[in-house]
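Remarks on the structure that follows.
Please treat every number below as a calculation from the coordinates, not as lab data. As the structure is a prediction and not an experimental result, all values here were calculated from the model. With ideal geometry, Cβ positions are generated from the backbone for all residues, glycine too; neighbour counts draw on all protein chains shown.
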Amino acid sequence: MSKQAGPNTLCVHSAHAPEPATGALAQPIYLTTTFERDADGSYPRGYRYSREGTPNRTSLEACIAALEGGIGAAAFASGLAANMAVLELLNAGDRLVAPLDAYYGSVKQFTEHCARRGVAVELADFTDLTAVSNAVGGRARVVWIETPTNPLLDVTDLEAVTAIAHRAGALVVCDNTFATPICQRPCDFGVDLVIHSGTKYLGGHSDVLSGLAVVREEHALLEHLQAWQRTAGAALAPFDCWLLRRSIATLALRVRTQCAGALQLAQFLARHPAIEQVFYPGLPQHRAHATAVAQMPGGFGAMLSMCVSGGRQAALATAARTRLFARATSLGGVESLIEHRASIEGPESRTPQNLLRLSVGIEEPADLIADLEQALK
Ligand SMILES: *Cc1c(COP(=O)(O)O)cnc(C)c1O
């Protein structure tokens with residue numbers, strides 16, 4: 001397929017063709033753990049044992065690599081398992097620089113797992129390029145970006161941070177879970193490795209846990225990830241690969257609809273008297289709106305947060321009154337969710353107590369607005 005194919009075309013056709021043996025249009029789910037050798041002992045069809053690779057994993061990995069503009073990808077049993085495959089690159093004495101407000105599960109991996117292995121972990125405010133520069137110093141090994149962030153929807157300048165990191169010889173990783181390749185392609189800004197919690201938008205239906213790591217151009221990096229799939233054994237199962245690949249067929253449709261809904265909701269909330277502040281990169285008043293415009297050509301995402309006046313109790317009471325928005329953690333599914341972040345993040349959370357995070361689904365924006373209107377009364 002031509003490299004210029006648009007997102008919807010890539011979503012439908014990447015690494016997807018009728019199955020040669022039967023003509024089945026949908027890919028079969030290859031529920032086999034082992035594959036037969038030829039009489040000479042070789043494996044001419046490329047598969048030996050399912051931890052090492054399965055046809056369903058091959059097509060999923062090729063599909064996400066095409067969408068992100070990379071040379072290849074590796075699928076894992078969860079987003080955090082994909083993170084671990086990347087963090088395995090770090091040895092004792094290496095320095096990891098990451099945002100203070102990265103996904104809390106990722107920060108736990110950095111500060112507990114990496115630190116215990118002797119990795120120097122520097123958490124910095126990534127909206128401040130001087131702070132990033134100081135944290136990187138002359139010798140960071142990995143610089144970890146997440147943009148937009150969770151739950152404050154801060155935007156990191158991909159091009160600027162990548163330049164700082166590359167000057168120090170560091171590898172740049174970007175968690176692109178919130179934006180998806182439909183809104184933002186970090187590889188286009190020089191990022192070396194893109195991470196996804198496929199559990200969120202790629203899966204899109206709140207029914208499959210998964211993680212993906214996409215490599216922009218370095219073959220040795222891809223080989224490291226593939227070796228880690230075999231060694232750690234946390235590869236994604238065939239049925240889960242199949243679910244994810246099927247969901248990606250509608251990724252652009254879903255995400256574009258969700259982004260349009262999120263923008264309407266953000267505009268409504270920005271005018272609402274019971275809302276102190278709205279965090280959404282698509283609003284002109286967002287502090288990094290210009291950066292978001294430059295690096296998110298496909299949309300500003302479908303996550304937004306709001307601070308409700310009246311503190312923690314008012315926020316919890318608002319969430320208690322919604323009817324369409326389900327009170328649940330996670331994000332990226334077709335159904336809208338509302339979440340009091342501080343109480344799930346625990347006592348160390350830096351999230352304001354009156355903050356509610358919304359994951360906007362594909363429902364009609366007018367219905368979602370009406371639901372919030374009655375809940376905020
Ligand atoms: C959910 C999430 C993760 C972790 O992914 P799992 O699939 O839950 O392991 C990592 N980063 C971000 C931004 C997430 O939202």
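Under the √(5λ) rule applied to the eigenvalues of the Cα gyration tensor, what semi-axes describe the equivalent ellipsoid of the stretch 1-145? Give them in Å, descending.
Over the Cα atoms of the stretch 1-145, the semi-axes work out to 39, 21, 13 Å.
In angstroms, what radius of gyration and Dmax does the stretch 303-377 have, counting Cα atoms only?
So, for the stretch 303-377, Rg and Dmax equal 11.7, 36 Å respectively.
Please check the chain for the longest run free of GluC sites (Glu not before Pro) that are loop-located per DSSP (anything but H, G, I, E, B) and have at most 10 other Cβ atoms within 10 Å.
Looking at the chain, 37-347 is the longest stretch - no exposed GluC sites (Glu not before Pro) with at most 10 other Cβ atoms within 10 Å.
So if we plug the beta-carbon distance of Ala92 and Ala163 into 1/(1 + (r/R0)^6) with R0 = 30 Å, what FRET efficiency do we get, rounded to 0.05?
Taking R0 as 30 Å, the efficiency between Ala92 and Ala163 is 0.60.
Please report the net charge: other residues with Cβ closer than 11 Å to the Cβ of Leu355, K and R +1, D and E -1.
+1
Helix 365-375 sits at what angle to the longest principal axis of the chain, using alpha carbons and giving 0 to 90 degrees rounded to 10?
50 degrees
Can you run phi through the Karplus equation (6.51, -1.76, 1.60; θ = phi - 60°) for the stretch 173-188 and list ³J(HN,Hα) in whole Hz, with x for Gly and Pro?
Listing the rounded values in order: 10, 10, 7, 9, 4, 5, 7, 6, x, 5, 8, 8, 10, x, 4, 5 Hz.
How many nm separate the modelled label positions at Arg117 and Asp188, each set 7 Å beyond the Cα in the direction of the Cβ?
3.3 nm
Stick to the Cα atoms of the stretch 277-342, pair each with every other, and give me the Kirkwood hydrodynamic radius in Å at one decimal.
Result for the stretch 277-342, one decimal place: 13.5 Å.
Could you list log10 I(q)/I(0) for the stretch 140-278 at q = 0.14, 0.16, 0.17, 0.18 Å⁻¹, which the Debye formula gives when each Cα is one point scatterer?
-0.78, -0.96, -1.05, -1.14
Starting from 0.36 nm per residue, how many nanometres of slack lie between Thr22 and Asp367 once their C-alpha separation is accounted for?
Gain in length upon complete extension: 119.8 nm.
Taking the chain as a Gaussian network, Cα atoms linked when under 10 Å apart, which of Gln353, Gln258, Gln184 shows the biggest mean-square fluctuation?
Among Gln353, Gln258, Gln184, the largest GNM mean-square fluctuation belongs to Gln353.
When N is the residue count of the chain, what does its C-alpha Rg come to as a fraction of 2.2 N^0.38 Å?
1.00
Take every DSSP beta bridge whose two residues both sit in the chain, then give the antiparallel share in percent to the nearest 5.
The antiparallel fraction comes to roughly 60 percent.
So what's the projected area for the stretch 115-214, the Cα convex hull averaged over all directions, in nm²?
If you wrap the Cα atoms of the stretch 115-214 in a convex hull and average its projections, you get 7.0 nm².
Hey, what D do you get for the stretch 335-376 in µm²/s if you plug the Kirkwood alpha-carbon radius into Stokes-Einstein at 20 °C and 1.002 mPa s?
186 µm²/s
May I ask what percent, to the nearest 5, of DSSP beta bridges between residues of the stretch 251-375 are antiparallel?
85 percent
Expressed as a whole percent, how much of the Cα-Cα distance distribution for the stretch 250-377 exceeds 17 Å?
55 percent
Within the stretch 38-119, list the trypsin sites (Lys or Arg not before Pro) lying in a DSSP loop whose Cβ has at most 10 other Cβ atoms in a 10 Å radius.
Filter output for the stretch 38-119: empty list.
Counting only Cα, what are the radius of gyration and maximum Cα-Cα distance Dmax of the stretch 193-243, in Å?
Calculated on Cα positions, Rg and Dmax stand at 11.9, 34 Å.
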